[in-house]
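Structure record follows, encoded as structure tokens.
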Amino acid sequence: MNRGVPPLVGFAGRRLLRGVVTIWFAVTVTFLLLRLLPGDPALAVASENMTPEIRAQLLHDYGLDQPLWVQYGKYIWQLLHGNLGISFAQQQPVSTVLAQQLPWTLLLMATSMVLTLVLGIPLGVAAARRQGGLVDRGAQMFSVAAGSLFVPSAGIGLLWLFGLTLHWLPIGGAYADDAYGWTWYLSIAEHLILPALSLMLVSIGAYVLTLRSTLIGALQDDYADLARAKGAPERSVVWKHALRNALLPITTLAGLQLGFLVGGAVLTETIFAYPGVARGIYTAVTQQDYPLLQGAFVVLAISVVVANFLTDMAYGLLDPRVRMTTA
């Protein structure tokens, strides 16, 4: 009887350790890169017109007069205690600023991911079932064209068509200022459509092409032939037997695409003036707001690592061979 560590626990422990190292690396790289930005970050907290004494005191209060390695050590220590610092520009705790922005970014990313899966999986299945046919060729052409789009191109195109030309949807913001009660929630949904469609459009192609390729192979495997021999209808063979194995690469792709969604959200939120963390990053860069930038990157890094950890766990549950490995 094996009394060692259960495979799933060991698998989760390895992935968790990898996630912690990834977060530390992201924090360190972000800290160093921000210090390489051109300009003087002291101008964000101290004016050139201040007296030398007041200016020196402000720089001391924010720790900007200390050596780089001291600033790094204090920053890591503060992070371990949940302190993200004070925003230079807004003079508020970074955690307070991010608490106002993060829900909007998570809503945008979750909506675009759900739309991508809801539309991409049926389209990939349809293309695989009609290999070489009109639907298959159309799905491949659409996927390649969508994957070739740049996020700002998709966003500006949708904004111009549905916002400025047809006037069907709002062109910016997260909700109407005069909306209250249920109309406020409807306004949020209305303002969310174009940003979510922009992110969905540039990412759906990878899901369609990946699922098409893996499902075509799965439909030719022995278990699919056995299901047909037992009299199972083709629809059941596809959706009940073959699709489960074909979804394994999609699970991996979903985890990998999260990093792309974060990068795309920066551009999308800027185009549509969406009040999320990604747009806050753009604003913080222009203001050289180190604490807010660092806090935003830390929060996004943790979000991506947690999502990838959950993806790995889902993959391990779907395919027991993965969690049995020691790497």
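Structure data summary
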| quantity | calculated |
| --- | --- |
| Options 155, 132, 163, 120: the member that is surrounded by 16 or more Cβ atoms within 10 Å (Cβ to Cβ), out of contact with any His (no Cβ under 7 Å at 6 or more places or on another chain) and within 30 Å of residue 242 (Cβ to Cβ) | 120 |
| Top-ranked residue of the range 103-117 - restricted to ones that are open to solvent by 40 Å² or more (accessible area, probe 1.4 Å) and among the hydrophobic types (A, V, I, L, M, F, W, C), ranked as nearest to residue 284 (Cα to Cα) | 104 |
| Condition met for residue 94 (touching a residue at least 40 places away in the same chain (Cβ under 8 Å) and open to solvent by less than 70 Å² (accessible area, probe 1.4 Å)) | yes |
| Pairs with Cβ under 8 Å, 6+ apart, first in the range 285-297 and more than 9 Å from residue 30 (Cβ to Cβ) and open to solvent by 40 Å² or more (accessible area, probe 1.4 Å), second part of a helix (DSSP H, G or I) and at pLDDT below 80 | 287/44 |
| Of residues in the range 169-185 being of a type outside the set (S, T, N, Q) and part of a helix (DSSP H, G or I), the one surrounded by the fewest Cβ atoms within 10 Å (Cβ to Cβ) | 182 |
| Subset of the range 264-276 (residues that are under 20 Å from residue 116 (Cβ atoms) and in contact (Cβ under 8 Å) with a residue 60 or more places away in the chain) | 264, 265, 267, 268, 269, 271, 272, 274, 276 |
| Every pair of residues 6+ apart whose Cβ atoms lie under 6 Å, when the first sits in the range 246-259 and is in contact (Cβ under 8 Å) with a residue 24 or more places away in the chain and more than 19 Å from residue 126 (Cα to Cα) while the second is of a type outside the set (A, V, I, L, M, F, W, C) and surrounded by 21 or more Cβ atoms within 10 Å (Cβ to Cβ) | 257/203 |
| For residue 157: the one exception among (1) over 30 Å from residue 234 (Cα atoms); (2) modelled with pLDDT under 90; (3) not basic (Lys, Arg) | (2) |
| Unmet requirement for residue 273, which otherwise passes all of (1) within 30 Å of residue 16 (Cα to Cα); (2) touching a Gly at 6+ places or on another chain (Cβ under 9 Å); (3) open to solvent by 10 Å² or more (accessible area, probe 1.4 Å); (4) modelled with pLDDT of 85 or more | (1) |
| Filtered residues of the range 219-253 (kept if under 33 Å from the mean Cα position of the chain (by Cα) and polar (S, T, N, Q)) | 245, 251, 252 |
| Subset of the range 71-91 (residues that are surrounded by 14 or more Cβ atoms within 10 Å (Cβ to Cβ) and either of a type in the set (Phe, Trp, Tyr) or outside any helix (DSSP H, G or I) (or both)) | 72, 75, 83, 84, 85, 86, 87, 88, 89, 90 |
| All positions within the range 145-165 that are of a type in the set (Ser, Thr, Tyr) and outside any helix (DSSP H, G or I) | 148 |
| Extreme residue, modelled with the highest pLDDT, among residues of the range 20-62 that are surrounded by 16 or more Cβ atoms within 10 Å (Cβ to Cβ) and not in a helix (DSSP H, G or I) | 62 |
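The values are calculated or read from the model by the stated rules, or taken from the named source; none is laboratory data. In this text, all values refer to a predicted model and were calculated from it rather than measured experimentally. Counting neighbours? That spans all protein chains shown, and the Cβs are built from the backbone with ideal geometry, glycine included. To get the accessible areas, we keep the full protein, side chains included, count just its heavy atoms, and leave off ligands, DNA and RNA. Shrake-Rupley method; radii C 1.70, N 1.55, O 1.52, S 1.80 Å.
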